[in-house]
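Okay, structure first, notes after.
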Amino acid sequence: MYDVIVVGARCAGSPVAMLLARQGHRVLMVDRSSFPSDAVSTHYIHQAGLSRLKDWGLLDEVIDAKTPAIRKMNFSYRGIELNGFAEPIDGIDAVYCPRRVVLDEILVNAARRAGVEVIEGFTVSGVVSSDGRVTGIRGRTGDGPEREFRSTVVVGADGFHSTVAKAVGAGLYNVRPASGFIYYSYFSGLDWGLNHKTGFNENWIGTWPTNGDVTMLATICARDQLKEFRQDVDNRFQGVFDDIVPELGAELRDRGTREEPFKPMRYPDNYYRQAHGPGWALVGDAGYHKDPLTGWGITDAFLHGELLAARLHEGLAGERPMEEALAEYQATRDEESAGVYDYTTTLAELTPLPPFLDLVLSSVSTSQEWTDKMLGLIAGGVEDHEIYAPDNLKRLFDDAGVPEEKRLYDFS
Ligand SMILES: Cc1cc2nc3c(=O)[nH]c(=O)nc-3n(C[C@H](O)[C@H](O)[C@H](O)COP(=O)(O)OP(=O)(O)OC[C@H]3O[C@@H](n4cnc5c(N)ncnc54)[C@H](O)[C@@H]3O)c2cc1C
């Protein structure tokens with residue numbers, strides 16, 4: 001009998017399991033994958049997420065894996081340019097984009113070192129219940145016999161096709177349709193830094209240096225282009241770079257060599273899922289998923305994994321009723337992620353911005369101080385009110401020289 005069984009051992013599952021085991025709880029973690037292994041995901045981690053890795057004693061392992069440090073952001077959205085870098089968060093003055101084959105192994109190993117029992121290659125087929133309460137999981141390794149394991153709580157950290165969520169019937173809410181699809185791969189011959197740029201159509205490019213002296217390149221386009229894109233991937237991919245930043249397009253054609261097959265994905269819709277019930281909880285993409293455009297999935301998996309582990313500990317230690325602790329977990333998750341969810345799903349449309357956001361970002365782009373502050377907000381180190389409180393907005397619009405009648409905000 002375990003205190004907690006965690007299904008899924010990547011960005012959300014391993015931190016929950018590790019943090020609970022460090023507090024002395026008996027934890028089993030299972031995953032149908034074996035590690036090290038890759039996942040379909042690009043790799044950007046915000047400073048807020050890196051600060052969790054630092055706190056857990058794992059950031060140095062990411063850096064030691066020769067993950068390049070990035071200290072300059074080049075963002076543009078329909079002509080609004082934000083070039084700079086956020087102030088350090090917890091002393092972290094760079095961002096990193098570790099390949100998932102690197103990051104996820106560091107996380108699983110840390111959980112194992114903390115005392116978590118890990119079973120790899122184990123596919124969960126459902127949960128075990130008794131008197132309306134989840135009491136364990138069932139599943140098997142390969143073609144082996146079905147096995148059951150029991151626990152006080154089962155945590156589904158098994159991604160957006162979560163088997164645990166389906167088994168417990170967790171409902172979706174605040175669903176917003178997905179708008180795009182991605183193609184990405186790794187290229188040698190380019191010494192590019194970090195770029196996130198849209199043109200004036202519904203296309204986007206991203207570039208990030210990563211492990212192995214290669215640069216990861218991605219394009220995101222609106223869904224209605226998918227059929228044509230699929231028929232001629234190399235040329236379409238090149239065409240998006242040519243269109244958005246012709247200089248990068250030319251360099252890609254002249255010097256870039258693709259080192260691996262493209263990885264494509266048509267995004268699932270954005271959603272929140274009910275995150276707890278009797279004997280179960282969901283974390284990471286299993287409980288909350290949004291478009292990857294703003295690169296917040298891994299950071300949120302860390303933040304919410306830590307939050308869930310703290311609430312589970314309170315319940316397991318008898319400090320408060322488990323149901324109350326888990327209800328607070330869901331409420332905090334929803335409240336703290338609401339701004340990022342809204343911002344992400346708005347930007348992910350790749351269409352013209354709502355007028356007020358357009359005005360704020362255009363104003364921010366007129367000075368380095370405001371640009372770095374906005375990049376700090378995006379990185380998770382600056383509070384919303386530092387830009388959006390009326391006094392600060394007024395100062396921003398004054399600095400940017402926005403005439404009173406064009407401020408789209410009632411300061412009275
Ligand atoms: C194309 C793309 C690009 C992205 N880019 C970024 C980015 O740059 N930065 C960022 O922060 N986020 C990014 N994200 C989001 C990020 O990948 C996810 O938010 C993050 O991986 C969520 O972690 P997780 O642990 O919840 O789920 P996952 O990483 O999906 O892990 C789930 C695990 O559960 C296991 N599992 C599933 N079902 C079962 C089962 N039945 N039995 C046993 N095991 C099971 C799987 O094998 C897997 O190992 C991107 C996502 C996509 C799709």
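The values are calculated or read from the model by the stated rules, or taken from the named source; none is laboratory data. Keep in mind that what you see is a predicted model, and the values were worked out from it rather than measured. All Cβ positions, glycine included, derive from the backbone under ideal geometry; neighbour counts span all protein chains shown. The protein model used for the area step is the full one, side chains on, heavy atoms only, and it has no ligands, DNA or RNA in it. Shrake-Rupley method; radii C 1.70, N 1.55, O 1.52, S 1.80 Å.
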Rounded tilt (10° steps) of 13-22 against the dominant C-alpha axis of the chain: 60
Vicinal HN-Hα couplings computed from phi for the stretch 358-371 (Karplus, 6.51 cos²θ - 1.76 cosθ + 1.60; Hz; Gly/Pro x): 4, 5, 5, 5, 4, 5, 4, 5, 7, 9, 5, 4, 5, 4
Mean shadow area of the stretch 139-212, taken as a quarter of the surface of its Cα convex hull (nm²): 10.2
GNM top mover of 394, 290, 373 - the chain, alpha-carbon springs below 10 Å: 394
Too-long pairs where the Cα-Cα distance tops 27 Å, listed order kept, from 197/227; 197/290; 166/227; 373/394; 66/263: 166/227
Lys/Arg +1, Asp/Glu -1 at C-beta; the chain dipole; positive extreme among 75, 401, 47: 47
Interchain or long-range residues, amide H under 5 Å from residue 45's placed H: 96
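Note down the relative contact order for the chain as a percent, whole number, built from C-alpha pairs under 8 angstrom at least six residues apart.
Here the relative contact order equals 20 percent.
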Considering only the chain, percent of DSSP beta bridges that pair antiparallel, nearest 5: 75
Surface/4 of the Cα convex hull for the stretch 180-266, nm²: 5.1
The chain: calculated mean residue ellipticity at 222 nm from DSSP helix runs of at least 4, using -39500 (n - 2.57): -11500 deg cm²/dmol
Surface accessible to a 1.4 Å probe, per residue, for the residues of the chain, Å²: 41
Distant-in-sequence amide H partners of residue 2 (H built 1.01 Å from N, under 5 Å): 150, 151, 152
Helix axis angle, 246-255 relative to the chain longest principal axis, alpha carbon, degrees: 60
Cα-Cα separations in the stretch 355-406 greater than 18 Å, expressed as whole percent: 21
Vicinal HN-Hα couplings computed from phi for the stretch 330-336 (Karplus, 6.51 cos²θ - 1.76 cosθ + 1.60; Hz; Gly/Pro x): 5, 5, 5, 3, 5, 5, 6
Estimated vicinal HN-Hα couplings, Hz - the stretch 156-165 in sequence order (Karplus 6.51, -1.76, 1.60; Gly, Pro = x): x, 10, 9, x, 6, 9, 2, 5, 5, 4
Acute angle (nearest 10 degrees) that the helix 233-244 long axis makes with the longest principal axis of the chain, alpha-carbon atoms: 50
Pairwise Cα inverse-distance average, inverted: Kirkwood Rh of the chain (Å): 22.4
Surface share of carbon and sulfur [accessible, 1.4 angstrom probe, percent] for the chain: 48
